[in-house]
Amino acid sequence: MEDKIRKCPECGSTNIITDPKHAELYCANCGVIIAENLVDTGPEWRSYNEEQAAKKIRTGPPMTYRTHNKGLSTPTPNVLLRTKRLRGIISMDSGEKSLSFALGEIERMASALKLPDDIKESTSVLYRRAAKRNLIKGRSIEELVSAMLYVTCRQYGVPRTLKEITAVSRMPLRKIRRTYIFLLKRLEIKLAPADPAHYIPRFCSMLGLRGKIRERAIELLKKDVGTAKGWGPTGTAAAAISLAAHLTGESVSEREIAKVAGTTPITIRNRYKELEKNLKLSDGFLTLQPLHKKASLVSD
């Protein structure tokens, strides 16, 4: 109630004082009591430092799917830590142990990829959904978690490739790709094609390129009328960066771009030529000189 009152109804002053001792709200200018018998919503205990406050507080973090018990377990005193750990392990059945391990892997891989918490939360929900439908039996937890993390990144439009996820996973790329296709079919997940423009800001940042090249590369992809359909998003983004660098006179080799994008210089060169042919750049849009095999562009 005191949060809603900002002005004294008598004198119009905004100098409103809350008196917790008498549970009153009064004006400091004219002294009129605006409200009384206020309810104190604060704690009924006192603490003089952070340690005392942490011990006396009776609330915890919000519910989360990133822990096997959703964060709803009852805290125990910090005594007999070894007994506490053993009691927690013994009380978990095999399903909970597998779930706890899988959620730990999600946390590890997502942290290595610097993904936000909402990606971790959604991936944990996806794993619980697959476990409820008995889709995890007979498959490695690592390959399931890797594939689910890639699915979630695709759903949220976060530019991460299977090769990047494989780099922090313990499973080979072919198994992760196979599990990814399996999950899409069994969980009936429909994903829109990955947008190559989402990869361009990160690739340009890793290459140390100017913002002008980033904007030009995104502009090129928007101008494209559909040739890039069916191409890999990373190869298309790399080709757009190479083309934009050529247009702005920036010297960057295809080998450097290929290393950052996780593709090959040949792929970039092929996509470059197709983009150049499809865009049919005119003087009214962008000026493109004929493609020459310079050392700065072709370095095999």
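For region 94-186, report the translational diffusion coefficient in µm²/s to the nearest whole number, using Stokes-Einstein at 25 °C, 0.890 mPa s, and a Kirkwood Rh over Cα pairs.
Translational diffusion coefficient: 191 µm²/s.
R0 = 25 Å: FRET efficiency of R170 with K70, Cβ-based, nearest 0.05?
0.40
Roughly how many nanometres apart are two label points built 7 Å out from the Cα toward the Cβ at A112 and K222?
Placing both labels 7 Å along Cα→Cβ, they lie 3.7 nm apart.
If you rank I257, I181 by fewest surrounding Cβ atoms within 10 Å, what's the result?
I181, I257
Got a sec? How would H246, H22 order by Cβ neighbour count within 10 Å, fewest to most?
The order, fewest Cβ neighbours first, is H22, H246.
Skipping prolines and chain starts, which residues have an amide H placed within reach, meaning under 5 Å, of the one on T64, given they are 5 or more residues away or on another chain?
Residues meeting the criterion, in which the H sits 1.01 Å from N, are G71.
List, in the order given, every pair from K114/K175; K70/K132; K70/K97; K137/K185; K70/K120; K120/K259 whose Cα-Cα distance in the structure shown is over 19 Å.
K114/K175; K120/K259
Assuming 0.36 nm per residue, please report the length gained on full extension of the stretch Y156 to S13 beyond their Cα-Cα distance.
Gain on stretching Y156 to S13: 46.6 nm.
Compute the separation of the alpha-carbon centres of region 196-267 and region 20-41 and state it in Å as a whole number.
Centre-to-centre (Cα) distance: 64 Å.
Compute the length gained on full extension between E188 and E121: take 0.36 nm times their separation in residues and subtract their Cα-Cα distance, giving the result in nm to one decimal.
22.1 nm
Residue-wise, which Karplus ³J(HN,Hα) couplings in Hz belong to region 116-125, taking 6.51 cos²θ - 1.76 cosθ + 1.60, θ = phi - 60°, and x for glycine or proline?
Computed from phi, the couplings for region 116-125 are x, 5, 5, 5, 4, 5, 5, 5, 5, 5 Hz.
A short reminder: the numbers here are calculations on the coordinates, not readings from a lab. Everything quoted here is computed from the prediction, not taken from an experiment. We place every Cβ from the backbone using ideal geometry, glycine too, and count neighbours over all the protein chains shown.
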